[in-house]
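Structure record follows, encoded as structure tokens.
The values are calculated or read from the model by the stated rules, or taken from the named source; none is laboratory data. Since the structure is predicted, the reported quantities are computational estimates derived from the model, not experimental observations. Heads up, the Cβs are rebuilt from the backbone with ideal geometry, glycines too, and the neighbour counts pull from every protein chain shown.
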Amino acid sequence: GEIGRAQAVQAQACGLPPHTDMNPVLLKPNSDTGAQVIVHGRAIGNMRALDYHAYKATARTAVFDSYNRLAAQYRAVVVEGAGSPAEINLRAHDIANMGFAEAADCPVILIADIDRGGVFAHLVGTLALLSETEQARVKGFVINRFRGDLALLQPGLDWLEAKTGKPVLGVLPYLHGLYLEAEDALPAAATAPAPAGALHVAVPVLPHISNHTDFDPLRAHPQVDLQFVALDQPLPPADLVILPGSKTVRADRAALAAHGWDAALDRHLRYGGKLLGICGGFQMLGRALHDPAGIEGEAGSSPGFGWLDFDTTLADGKQLRNVRGMLADGTTPVAGYEIHAGVSRGAALAQPLCWLDGRPDGVVSDDGQVRGTYLHGLFDTPAAADALLAWAGLRAAASPDIAALRAAAIDRLADAVEAHLDTRVLRNLLELPC
């Protein structure tokens, strides 16, 4: 089933396999006022904000079913809220913050990001907007991402404790260069100049881009210059352009066309550049995109780029699976996950990019310039990343081991928590031995 990236990373940090009970209700925005709603790992449909607000009573049952299963299986369950617990207009039927904490009788810790500024106003204001019973449930504060001299912050901490009667349980430092995938936002652009001989990779920022963590291994690669390019900006000179995943493929394909990217990508290919499409980006490479049931928005069909001889039809029932296999060369291992609603058919599929669990996946064009795949995370496997980057023109520097980078970052974060948080209080709240 499908869960959020943050919950998957947190599961890995606990040494546990990710499970849909860890993210029983997932919202994937596909417009300013709507989102795809995923319950227990399966998409149940698209809802506008008011529709979802009415659906919360039903979603609450799914949330508590998951919580009860986890509570029966593990000694401690940490519940992460979503957004602010003090959104007055969303208090009714709340299932993600204090509404859940009250129903499940959980102690609460308020955590604020000081790097954004206004940390004392955030904490005091949030506490003030809670009901009396909710305020009593708050056992303390944690301040996250602090950089500077703690002695200068101490008077503010003393004031906060005196003002609220709640203890500050710790101040976590800002950890520079921490390799952990972002849940929603694209990573900040690199500021260091590209090294000599670097492979230049460009990724258009689609209005509904998804699974941007596919590119984290490239961002960490010492010989790759990765650029995320806004659609209203010209395509810079690049060895490789990657069309990313999309929550609404037809709409994002139309956005690319409206901003002149058809001509830009034609020019890129004409001058020998390479083009790779991942999931929704792969679907765009074909002749046409069909959505007869309106899975991702208004029902209908749209033209693809037409570089590969296949069509894609969206249908109910996402393909959701972790997979392993080989690139089509038969010797290069690759692993990742599939999460898509489309089924692609056409002559081009006779030349797959890889074989996953015995099934062909993706396409390699006759001239070798264009490739596509449904596989997310294909750059996470160093051997596969090396092979794909060599195809794009890179001849130096082995790809980083992303799993090792992630594990080291988790250890570093855990060390910081142990050093800067009162873990005795946390253990008492979780009813664990100190």
Next item on the list: Would you mind finding the one in ALA62, ALA35, ALA43, ALA8 that is surrounded by 18 or more Cβ atoms within 10 Å (Cβ to Cβ), out of contact with any helix residue (DSSP H, G or I) (no Cβ under 6 Å at 6 or more places or on another chain) and either of a type in the set (Phe, Trp, Tyr) or not in a strand (DSSP E or B) (or both)?
Entry: ALA8
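Conditions tested, residue by residue: (1) under 30 Å from TYR337 (Cβ atoms); (2) of a type outside the set (A, V, I, L, M, F, W, C).
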{"site": "ARG137", "(1), (2)": "no, yes"}
{"site": "ALA151", "(1), (2)": "no, no"}
{"site": "GLU161", "(1), (2)": "no, yes"}
{"site": "GLU181", "(1), (2)": "yes, yes"}
{"site": "ILE209", "(1), (2)": "yes, no"}
{"site": "ASP216", "(1), (2)": "yes, yes"}
{"site": "ASP232", "(1), (2)": "no, yes"}
{"site": "LEU235", "(1), (2)": "yes, no"}
{"site": "ALA238", "(1), (2)": "yes, no"}
Notebook entry, point to check: For the range 284-341, which residues satisfy the criterion of being of a type in the set (Ser, Thr, Tyr) and under 25 Å from the mean Cα position of the chain (by Cα)?
Noted result: THR312, THR313, TYR337
Check: Among (1) modelled with pLDDT under 95; (2) farther than 20 Å from ASP225 by Cβ; (3) not aliphatic (A, V, I, L, M), where does GLY362 come up short?
Finding: (1)
Next item on the list: State which residue pairs qualify: first residue without any contact (Cβ under 8 Å) to a residue 40 or more places away in the chain and inside the range 26-39, second residue in a loop (DSSP other than H, G, I, E, B) and of a type in the set (Gly, Ala, Ser) in any location, beta carbons under 7 Å apart, and separation of 6 or more residues or different chains.
Entry: LEU26/GLY4
Item checked: Subset of the range 408-434 that is in contact (Cβ under 8 Å) with a residue 40 or more places away in the chain and among the small types (Gly, Ala, Ser) - its residue that is surrounded by the fewest Cβ atoms within 10 Å (Cβ to Cβ) -> ALA414
Next item on the list: For ASP113, state whether it is loosely packed, with under 12 Cβ neighbours inside 10 Å and in the same structural domain as THR61 (by TED's automatic domain parsing).
Entry: no
Next item on the list: Please give the strands (runs of 3 or more DSSP E) falling wholly within the range 235-340 in which 1 or more residues are touching a strand residue (DSSP E or B) at 6+ places or on another chain (Cβ under 6 Å) and within 18 Å of HIS212 (Cβ to Cβ).
Entry: 240-243, 274-278
Next item on the list: Inspect the range 334-344 for any residue being surrounded by fewer than 15 Cβ atoms within 10 Å (Cβ to Cβ) and free of Cβ contacts under 8 Å to residues at least 60 places away in the same chain and give the result as yes or no.
Entry: yes
Item checked: Residues of the range 353-383 satisfying the condition of being β-branched (Val, Ile, Thr) and assigned to a helix (DSSP H, G or I) -> none
Margin query: Would you confirm whether or not the range 391-398 contains a residue that is in a helix (DSSP H, G or I) and at pLDDT 95 or above?
Written below: yes
Next item on the list: Looking only at the range 240-248, decide whether some residue is of a type outside the set (Asp, Glu) and surrounded by fewer than 21 Cβ atoms within 10 Å (Cβ to Cβ).
Entry: no
Check: When residues of the range 217-271 are filtered for being of a type outside the set (A, V, I, L, M) and within 24 Å of GLY377 (Cα to Cα), how many remain?
Finding: 17
